[in-house]
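Read-outs throughout are calculated quantities, based only on the coordinates presented, and are distinct from any laboratory measurement. Fair warning: this is a prediction, and the values are worked out from it, not measured in the lab. No Cβ is skipped: glycine too gets one built from the backbone with ideal geometry, and neighbour counts run over all protein chains shown.
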Amino acid sequence: MKKIRNLLVLSCVLLGLSGCSDWLTIQPETQITEEDMFKTQGGFYDALTGCYVLMRNNYSPDGVMVLGATEYMANLWYTNVQSGTSYEYVIHNYRADLVDKTLSQLFLNQYEIIANTNNLLEHIDAQDNVLSSGERDLYKGEVLGLRAFIHFDLIRLWGPMPTQVNENYLYLPYALTVQLENHPYSNYRNYMTQLCADLDSAELLLQRVDPAVAGNAYQSTYGSYRKNRMNYYAVLGLQARVHLWLGEREEALRYARLVRDAVNESGSKVFSLGTQSDLNRYDRVLYSSEQLFGVSLEEFADNLVADGNTPSFSQTTARLTDLFPSRDIRSQLWYAARGDNRSPNKYGNMASYDTETPAPNFSVPLIRLSEMYLIIAECADLTEANTAYTEFLAARGLETTELTEANREGILQLEYLKEFYGEGQMFYVYKRLGTVTMRWSERANGVDDYVLPLPSRELSTTEN
């Protein structure tokens with residue numbers, strides 16, 4: 001049986017089984033032993049916060065999962081030379097030296113986060129009255145949802161195309177414990193069954209205690225930071241995303257509706273589609289209105305994405321003009337022309353030196369309300385689909401385009417591209433739909449492009 005060898009074992013050694021738990025701390029000077037950390041509620045809080053801090057490695061604006069590798073793999077950045085690491089991503093040469101090293105580090109970082117969640121879950125279950133019942137359910141619900149989120153991104157990269165699953169193949173481990181022993185790989189069915197079980201448990205726990213849910217009496221110390229935590233609505237949104245991936249359209253539709261229709265105690269909507277007024281307040285990622293879940297930022301390599309002068313992340317003005325109608329408010333999320341190209345401006349005002357138009361919240365969105373609207377438009381009957389799509393287009397400053405059974409997939413695929421450009425999502429859309437030719441690509445795409453090979457250092461000598 002194929003098993004994770006070096007990467008996950010190394011993560012367990014460094015994170016879960018060492019004598020010092022500095023991997024959980026926010027500041028190096030606060031290093032304490034793991035035994036002492038979990039003697040207080042504050043220790044559990046810090047441990048959970050540490051899981052989110054680790055996510056910044058891959059989910060910062062300049063990270064592999066946002067503007068970096070996954071967007072190159074979706075052919076979204078312009079490359080004018082047929083060589084170099086960027087071009088290797090575009091042609092999906094995953095064995096190129098620097099590509100393999102980067103993806104190996106991504107693989108390790110993701111399982112490192114999972115090792116942290118598993119360690120925390122073990123301590124939550126073992127604690128004796130350190131946490132109140134509300135705190136226990138809140139923390140456990142968050143951690144289960146977070147574990148599912150990271151596992152899902154792993155299977156979306158290294159797992160099969162949803163329409164071409166080999167039921168006997170062992171794709172990846174679904175890691176449930178912190179251990180030195182190798183974690184066995186799972187087939188797709190077992191992997192996704194465990195992922196859905198984590199989400200179902202998280203949903204039940206958070207529905208009862210998450211302060212983000214109207215009517216819940218329990219109040220956590222998180223206050224207004226729930227949008228940067230795996231909250232109840234983030235779990236519902238992730239449920240919609242996962243069930244759509246599995247082809248379970250009715251379940252995807254049900255969860256997307258739950259998010260769209262969620263209300264506060266006053267009866268107002270919990271979330272609303274972002275509009276021009278949000279952009280006028282410099283909220284370019286629509287945090288205030290749309291974000292279900294995201295990664296909070298304190299700092300990142302802002303020279304890569306902040307001033308529009310970085311050739312690494314750019315697209316030609318001609319292509320973008322063709323993609324975005326002039327009235328589309330999303331066309332404003334690009335820096336002015338740098339030569340014949342433009343660079344993304346979604347995260348530019350999160351830069352350390354932008355003091356004139358700073359973002360109201362420094363957060364990278366990972367699940368947004370607009371995705372729920374597009375899921376409804378994709379999965380509902382045409383009457384409901386067109387109602388949702390019309391509302392979505394109006395928020396983006398556009399007139400109605402009628403969906404039909406003949407044009408729905410093509411129109412919505414293009415809408416995903418426009419809506420989530422620079423958020424690391426389009427590669428998964430292409431993979432889920434089995435798109436043969438990505439936009440602006442000159443080559444056909446297939447399984448070898450959409451299914452990443454395991455990192456070289458992780459390959460087992462035992463055949464599957």
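Annotations
- Neighbour net charge for L67 - beta-carbon separation under 13 angstrom, K R +1, D E -1: -3
- Correct option for volume of the Cα convex hull per residue in Å³ [calculated from the coordinates] among (i) 239; (ii) 147; (iii) 163: (ii)
- A dipole drawn for the chain from +1 and -1 charges on Cβ atoms has a positive end, and of Q194, A406, C379 the residue lying farthest that way is A406.
- For the listed residue pairs K101/K431; K227/K269; K140/K227, the alpha carbons are over 20 angstrom apart in K101/K431.
- Extension gain, Q105 to Q164, is 18.6 nm, computed as 0.36 nm per intervening residue step minus the present C-alpha separation.
- Assigned charges on the beta-carbon of Lys, Arg, Asp, Glu; the range 91-138 dipole about Cα centre (debye): 300 debye
- For E248, distant residues with modelled amide H under 5 Å away: none
- For the chain, a crude dipole built from +1 on the beta carbon of Lys and Arg and -1 on the beta carbon of Asp and Glu, taken about the Cα centre, is about 560 debye to the nearest 20.
- Label zone at Q332 (point 7 Å along Cα-to-Cβ), backbone N below 17 Å, the range 354-376: 356-361
- Extending 7 Å from Cα along the Cβ direction at R189 and again at L414 yields two label points whose distance is 4.0 nm.
- Maximal additional length on extending the N264-L180 stretch stands at 25.7 nm, based on 0.36 nm per residue less the C-alpha distance.
- Mean ellipticity per residue at 222 nm, deg cm²/dmol - from DSSP H runs of n ≥ 4 across the chain, formula -39500 (n - 2.57): -14000 deg cm²/dmol
- Close amide H pairs (under 5 Å, H built 1.01 Å from N) link L292 with I367, R368, L369, residues at least 5 positions away or on another chain.
- When the Cα positions of Q127, S363, A96 are compared along the charge dipole of the chain, A96 comes out farthest toward the positive end, with charges on each C-beta of Lys, Arg, Asp and Glu.
- Part-to-part distance (alpha-carbon centres) for the range 227-272 and the range 94-169, which is given in Å: 20 Å
- Taking Lys and Arg as +1 and Asp and Glu as -1, the other residues whose beta-carbon sits under 10 Å from that of N361 total 0.
- Peptides ranked, highest mean first, by Cβ atoms within 10 Å: ranges 344-352, 397-405, 266-274: 344-352, 266-274, 397-405
- Highest mean packing comes first when the peptides 426-432, 70-76 are listed by Cβ atoms within 10 Å, giving 70-76, 426-432.
- Förster radius 35 Å - calculated FRET efficiency between Y282 and E402 (Cβ-Cβ, nearest 0.05): 0.55
- Simple spin-label estimate for W440 and N93 gives 2.0 nm between the two label positions (7 Å along the Cα-to-Cβ direction from each Cα).
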